[in-house]
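Report on the following structure.
The values are calculated or read from the model by the stated rules, or taken from the named source; none is laboratory data. Just so it is clear, the structure is predicted and the values come from calculations on it, not from any experiment. Quick reminder, even Gly has a Cβ in these numbers, built from the backbone with ideal geometry, and neighbours come from all protein chains shown. For the accessible areas, the whole protein counts, side chains as well, though only heavy atoms, and no ligand, DNA or RNA atoms are used. Shrake-Rupley method; radii C 1.70, N 1.55, O 1.52, S 1.80 Å.
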Amino acid sequence: PLSALYIFRTFDLQLGKDETAAVSDGKKSIFGTAKILRRETLTLGKYKFDTYLVEPQMKHIGGIFKKERSAKIRVWFTTDEHHYPVKVESKVSIGSFWAGIQDIQEGSDAAKE
């Protein structure tokens, strides 16, 4: 389910808009919806990003997301035309995690120091 979020990079993300795409948990395929919740300035280390906070609806996804009704994933995508995912948070039955950009290769336009 996490990899399905990359399809959302191809959409014209707009605040308050929901996006729908075909997703699979490896056993079944459904049309999943992601809500663009808000726009945020996100600071990760020495970088600042202008982002959209996106939360996919996980209620019909299996695997570790099936075991807990409150399981969720949140992804922060940059607001530029690339929609880079710069931070991911998840809460599932076995615990929680987050991952974020630590460094950017020279020449990238994803963030400003």
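Here Gly16 fulfils each of the conditions (1) surrounded by 12 or more Cβ atoms within 10 Å (Cβ to Cβ); (2) at pLDDT below 85 apart from (1). Restrict the check to the range 79-88 and report whether at least one residue is loosely packed, with under 15 Cβ neighbours inside 10 Å and at pLDDT below 80. Among the residues of the range 79-88, not one is loosely packed, with under 15 Cβ neighbours inside 10 Å and at pLDDT below 80, which makes the answer no.
Here is a yes/no grid of residues against (1) modelled with pLDDT of 90 or more; (2) closer than 15 Å to Glu89 by Cβ:
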| position | (1), (2) |
| --- | --- |
| Arg38 | yes, yes |
| Leu42 | yes, yes |
| Tyr52 | yes, yes |
| Glu55 | no, yes |
| Met58 | no, yes |
| Ile61 | no, no |
| Ala71 | no, yes |
| Trp76 | yes, yes |
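Which pairs turn up if I take residues in the range 22-43 that are touching a residue at least 40 places away in the same chain (Cβ under 8 Å) and look for partners that are open to solvent by 80 Å² or more (accessible area, probe 1.4 Å) with beta carbon separation below 6 Å, at least 6 apart in sequence or on another chain? Pairs found: Arg39/Leu15.
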